[in-house]
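J.: What follows is a single structure, and I will ask about it in a moment.
The numbers here are math on the coordinates, done by the rules we state, and not lab data. Keep in mind that what you see is a predicted model, and the values were worked out from it rather than measured. When we count neighbours, we look across all protein chains shown, and the Cβ atoms used for this are built from the backbone with ideal geometry, even at glycine.
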Amino acid sequence: MTEVEAQVPLTPERASIEELRGANRRKDEFLAILAHELRNPLAPLQNGLEIIRQVATADPTLTLTMNMMERQMRQLVRLVDDLRDVSGITRGKLQLQRGPVVLKRAVEQALEASRPVLEAHGHDPIVHCRDDRLTVDGDPVRLAQILTNLLSNCAKYTEPGGTISLTVERDGNDAVISVSDTGIGIPPDYLEDVFEMFSQVRVHQARSRGGLGIGLALVRRLAKMHGGSVSAHSVGIGAGSTFTVRLPAIADRVPVLSAPAAAAIKGVKARRILVVDDNSDAAALLAVLLELEGNEVQTANDGGEAVNRAELFRPEVVLMDLQMPGMDGLEASRRIRALPWGSSVLIAALTGWGQDVDRRRSQEAGVDLHFVKPVDTTALLGEVARSLNDGRHVNLP
């Protein structure tokens with residue numbers, strides 16, 4: 001409440017408005033906490049699945065079950081990501097990391113991210129990129145997220161054997177991306193409602209294949225943050241749907257969209273790694289995965305133990321959970337950095353908190369890399385290896 005508002009008499013109408021504002025603020029805070037807490041059990045579950053895959057025998061039934069579990073895990077991670085991001089936007093804590101992005105590459109990234117849900121529903125999208133150099137000023141991760149959510153939404157409401165198509169083209173000064181399907185369609189009266197938070201079109205509920213009703217709301221908010229818009233079109237039930245995103249185009253430039261951090265890292269030098277997490281299951285399972293890659297690993301379950309163990313173990317890499325009782329990961333990172341040998345260690349945060357303010361706090365505490373749980377172990381090790389090898393770890397001697 002501002003100072004001016006505080007001086008205004010509290011009428012019943014104003015009291016109602018303040019009550020609604022408070023309820024909305026508590027809802028946003030709850031979503032942020034929920035997204036964080038859901039990430040903590042996801043990390044050991046994902047690592048456990050990877051361990052089973054590496055050590056299990058080639059039994060067809062086991063392989064089928066593992067594939068199913070991994071698909072469902074990825075879907076759960078995506079839902080948690082949506083919760084986190086929509087909460088960040090409503091609380092004003094999500095900021096774009098903007099630069100020139102070639103949309104063709106954003107489409108490729110979105111197709112890869114959407115592949116599990118598309119394949120699960122029996123779809124192989126048709127892609128028409130009519131301008132391979134069409135470029136926008138945007139956040140490559142968020143642009144790919146917009147397209148991923150649209151593709152996933154179409155997959156949910158289109159029967160196997162139906163058609164999903166994605167088109168990228170220029171229209172004057174705009175870049176236009178259209179995602180269409182031959183699915184169950186949307187009643188004309190609901191075309192705006194589908195972009196509202198937690199909305200579920202009543203006629204879709206019997207045929208929906210899951211979701212929280214926030215994917216399209218997130219698409220609209222991200223598009224607006226990019227100075228663009230998104231609209232939906234459908235003749236009606238049974239006529240399919242088309243979602244169109246319009247973004248300001250810029251002159252062709254060298255793209256800054258980076259490749260995914262994951263890469264096979266066989267042959268990368270083994271490291272001494274300290275894993276710190278107050279969830280003992282998460283720490284133990286991550287340690288097993290790292291040891292399977294040939295690394296020497298020790299674990300700690302709180303910040304104080306991490307500092308003491310680091311002094312004895314002298315790790316080259318510390319994988320640090322941030323939110324722990326007692327001494328948290330930020331303080332533990334500061335204390336490790338302050339040790340005589342501490343400037344030579346690479347510290348990577350593994351946390352459920354992924355907003356810009358969280359990354360900034362990590363950096364201020366001396367943390368080199370910031371990963372949001374759950375993280376693919378191969379991607380993690382690949383990024384750590386590249387950071388050590390290409391000099392991005394500025395604290396190394």
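J.: Averaging over all projection directions, find the projected area of the Cα convex hull of the stretch 99-250 and quote it in nm² with one decimal place. Can you show the working numbers first?
T.: Numbers: hull surface 32.1 nm².
The number I arrive at for the stretch 99-250 is 8.0 nm².
J.: In whole Hz, what ³J(HN,Hα) sequence does the stretch 176-185 give by Karplus (6.51, -1.76, 1.60; θ = phi - 60°), x for Gly and Pro?
T.: 10, 10, 10, 10, 10, 9, 9, x, 7, x
J.: Take Leu64, project a point 7 Å from its Cα along the Cβ direction, then tell me which residues of the stretch 107-138 have their backbone nitrogen under 18 Å from it.
T.: In the stretch 107-138, the label zone of Leu64 (backbone N under 18 Å from the point 7 Å along Cα→Cβ) covers 120-122.
J.: What is the fewest-to-most order of Phe243, Phe195 by other Cβ atoms lying within 10 Å of their Cβ?
T.: Numbers: Phe243 27, Phe195 19.
Listing Phe243, Phe195 from fewest to most nearby Cβ atoms yields Phe195, Phe243.
J.: What list do you get for Asp278, Asp124, Asp139, Asp356 if you sort them by fewest beta carbons within 10 Å?
T.: Numbers: Asp278 19, Asp124 10, Asp139 22, Asp356 13.
Fewest-to-most ranking of Asp278, Asp124, Asp139, Asp356: Asp124, Asp356, Asp278, Asp139.
J.: Now a separate question. Counting other C-beta atoms within 10 Å, which of His128, His226 has the fewest, and how do the rest follow? Provide the component values of the computation, followed by the final result.
T.: Numbers: His128 10, His226 21.
Exposure proxy ranking, most exposed first: His128, His226.
J.: Taking the Cβ-Cβ separation of Glu13 and Lys224 as r and a Förster radius of 25 Å, what is the calculated FRET efficiency to the nearest 0.05?
T.: Taking R0 as 25 Å, the efficiency between Glu13 and Lys224 is 0.30.
J.: What is the gain in length, in nm to one decimal, between Arg130 and Ala270 on full extension, counting 0.36 nm per residue of separation less the C-alpha to C-alpha distance? Don't skip to the end; give the middle numbers.
T.: Details: separation 140, 0.36 × 140 = 50.40 nm, distance 4.53 nm.
Length difference between fully extended and current span is 45.9 nm.
J.: Right, next: Please identify every one of the trypsin sites (Lys or Arg not before Pro) in the stretch 70-139 that sits in a loop by DSSP and has no more than 13 other beta carbons within 10 Å of its own beta carbon. All intermediate terms of the calculation are to be shown ahead of the outcome.
T.: Details: sites: Arg71, Arg74, Arg78, Arg84, Arg91, Lys93, Arg98, Lys104, Arg105, Arg130, Arg133; in loops: Arg91, Lys93, Arg98, Arg130, Arg133.
Passing sites in the stretch 70-139 are Arg130, Arg133.
J.: Contour minus end-to-end for Leu96 and Ala379, with contour as 0.36 nm per residue of separation and end-to-end as the Cα-Cα distance? Kindly include the intermediate steps, with their values, before the conclusion.
T.: Numbers: separation 283, 0.36 × 283 = 101.88 nm, distance 2.25 nm.
In short, 99.6 nm is gained.
J.: Considering only DSSP beta bridges whose two residues both sit in the stretch 99-250, what percent are antiparallel, to the nearest 5?
T.: Values: 27 of 31 bridges.
Around 85 percent antiparallel, to the nearest 5.
J.: Percent relative contact order of the stretch 272-389, based on C-alpha pairs within less than 8 angstrom and at least six residues apart? Provide the component values of the computation, followed by the final result.
T.: On the way: 187 pairs, mean separation 25.7, N = 118.
With pairs under 8 Å counted, the relative contact order is 22 percent.
J.: Further question on the same structure: Is the stretch 272-389 rounded, prolate or oblate when judged by the Cα gyration tensor, a ≥ b ≥ c being the square roots of its eigenvalues, rounded requiring a/c under 1.5 and prolate requiring a/b larger than b/c? If you can, show how the numbers build up before the last one.
T.: On the way: a/c = 1.19, a/b = 1.08, b/c = 1.10.
The shape class here is rounded.
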